[in-house]
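Step one of this worksheet: look at the structure below.
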Amino acid sequence: MDFNLSLRRAIKTGKVVLGQNSVEKVIAESKAELVIVADNAPMKVREMIAAAENLPLYEFNGSSRQLGKECGRDHMISVLAIVDAGESDILSLKRA
């Protein structure tokens with residue numbers, strides 16, 4: 001699986017929530033299928049994710065700037081949640 005391609009496909013065809021506040025909301029509503037966090041995500045973000053039970057997590061091997069770029073954005077993204085993968089195979093990371 002090509003992570004970058006799968007992430008872009010999920011963003012284009014599914015529902016992906018970007019940013020700490022939005023991700024926190026979908027986690028609280030138990031809608032997040034997978035959470036992706038950048039290497040340099042703030043401790044507050046990591047604590048929020050750690051507090052959630054049975055939440056599939058993928059550690060992105062790169063900075064929040066790089067994760068933002070992979071999402072096609074020109075700003076930093078420290079965390080995102082996959083709510084609906086659409087036509088992407090990104091949820092296969094849950095089993096990895």
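The values are calculated or read from the model by the stated rules, or taken from the named source; none is laboratory data. Values in this document were obtained by computation on a predicted structure and should not be read as measured data. When we count neighbours, we look across all protein chains shown, and the Cβ atoms used for this are built from the backbone with ideal geometry, even at glycine.
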Exercise. Identify the single condition in (1) over 11 Å from the mean Cα position of the chain (by Cα); (2) buried (at least 19 other Cβ atoms within 10 Å of the Cβ); (3) touching a residue at least 60 places away in the same chain (Cβ under 8 Å) that MET1 does not satisfy, given that it satisfies every other one.
Key: (2)
Exercise. Assess whether ALA10 counts as being touching a strand residue (DSSP E or B) at 6+ places or on another chain (Cβ under 8 Å), in contact (Cβ under 8 Å) with a residue 60 or more places away in the chain and aliphatic (A, V, I, L, M).
Key: yes
Self-check item: Candidates ALA32, ALA10, ALA41, filtered to the one that is assigned to a helix (DSSP H, G or I) and buried (at least 19 other Cβ atoms within 10 Å of the Cβ)
Solution: ALA10
Quiz item: Which residue out of GLU59, GLU24, GLU47, GLU87 is in a strand (DSSP E or B) and at pLDDT 90 or above?
Solution: GLU59
Quiz item: All but one of (1) surrounded by 14 or more Cβ atoms within 10 Å (Cβ to Cβ); (2) at pLDDT below 95; (3) out of contact with any Asp or Glu (no Cβ under 6 Å at 6 or more places or on another chain); (4) assigned to a helix (DSSP H, G or I) hold for ARG65; which doesn't?
Solution: (2)
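Rundown of residues vs (1) surrounded by 15 or more Cβ atoms within 10 Å (Cβ to Cβ); (2) under 19 Å from THR13 (Cβ atoms); (3) in contact with an Asp or Glu (Cβ under 7 Å, 6 or more places away or on another chain), yes/no style:
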site	(1), (2), (3)
ILE49	yes, no, no
GLU53	no, no, no
LYS69	yes, no, no
GLY72	no, yes, no
HIS75	no, no, no
VAL79	yes, no, no
Quiz item: When you look at VAL45, is it in contact with a helix residue (DSSP H, G or I) (Cβ under 6 Å, 6 or more places away or on another chain), hydrophobic (A, V, I, L, M, F, W, C) and farther than 23 Å from SER92 by Cβ, yes or no?
Solution: yes
Quiz item: When you scan the stretch 16-74, how many residues do you find that are more than 23 Å from LEU5 (Cβ to Cβ) and hydroxyl-bearing (Ser, Thr, Tyr)?
Solution: 2
